[in-house]
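Chemist: Got a structure here, written out as structure tokens. Questions coming.
FYI, it's all coordinate maths here, none of it is from the lab. Just so it is clear, the model here is predicted, and its values are computed rather than measured.
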């Protein structure tokens, strides 16, 4: 496989250029890092950051699902996300 394809196949499959995909990925990385740090602090001090990590993950999950059309799932877990008031 050509070296260039290693960097362009996946972004193109998402309908993005390399740099567009980089920006999207970085826009997820920041909140995930913050959520991870909040979860780490919460592990030792459970009275802090009670919902920060889970709320962030739910918001990012909803954002990811809404980026591109996705197949309708009949799985009950997916339907629950549609009405989750935290999202």
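Chemist: Using Cα pairs closer than 8 Å and at least 6 residues apart in sequence, work out the relative contact order for the range 1-62, in percent.
Modeler: 23
Chemist: Please work out how much length the chain gains when fully extended from residue 43 to residue 26, using 0.36 nm per residue of separation minus the C-alpha to C-alpha distance, in nm with one decimal.
Modeler: In short, 3.6 nm is gained.
Chemist: Something else about it: Taking 0.36 nm per intervening residue step and subtracting the Cα-Cα distance, what contour gain separates residue 51 from residue 2 on full extension?
Modeler: 13.2 nm is the gain from fully extending residue 51 to residue 2.
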